[in-house]
Amino acid sequence: MDVLYVVMPAYNEESNIENVARAWYPVLENADEASRLVIADSGSSDRTHEILENLKSELPKLEILSDTGKQHGPKVIALYDYAIEKNADFVFQTDSDGQTNPDEFSGFWELRNQYAGIFGNRTARGDGKSRAFVERVVCLLLKLYFGVKVPDANAPFRLMRTDVVKKYLYKLPEDYNLPNIMMTTYFAYFHEKMKFQEISFKPRQGGVNSIDLGKIIKIGWKALGDFRDLKRDMKK
């Protein structure tokens, strides 16, 4: 059977983390015994880490990364790197805020041997019009900069072959803020066999999002310079 690593970053998610971990843990049952749920919690100032530690006795395949830095992007990179290091066959990334639905995972898993990557497409979003608008702008920029056409570049619901992730992950700085956007771009730019599949996307289930619209704009402005540098590297 295939080894699956379900990975998610966490930051101050005490109101969500137990429910989310319990909800996603059962998807491991359809994969190899060596499969794991790995949550990167570093920098949380609430009870997130304590709750995760308490869950480990009930969820023996739960692992916690606590030395990955505070920001979302570096955590995602560290999680992908960990899955590669542990020789997982597939890595599935989602977030720890309860916005994605574990029941939709099986449709991705059934297609795993047909594609290098299957990416969520949030055709309807419960997190507000402003974030949907930002995503449309991102997709437009990717078309202009890289010549790739994708419907959703940053959805935190993606199942990827780990050997393909390995081809592109180390092109990114360890502290890069937008690894999922660039991973989607690499798959499309280098013509990896990929599929976008519609998913639901709920409002945040509790707590406060650590990245507000102002921070998104700031990160996006920096991303324009990063895109130029990364595009030069892709053409080498």
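The values are calculated or read from the model by the stated rules, or taken from the named source; none is laboratory data. Since the model is a prediction, treat every value here as computed from it, not as a measurement. To get the accessible areas, we keep the full protein, side chains included, count just its heavy atoms, and leave off ligands, DNA and RNA. Shrake-Rupley method; radii C 1.70, N 1.55, O 1.52, S 1.80 Å.
Using the 1.4 Å probe convention, the accessible area of the stretch 105-166 works out to 46 Å² per residue with neighbouring protein chains retained.
Where both residues lie in the chain, what percent of DSSP beta bridges are antiparallel, nearest 5?
Just about 30 percent of them are antiparallel.
The share of alpha-carbon pairs in the chain lying farther apart than 25 Å comes to 37%.
Taking the accessible area of the chain, probe 1.4 Å, and keeping the other protein chains in place, the carbon and sulfur fraction comes to 49%.
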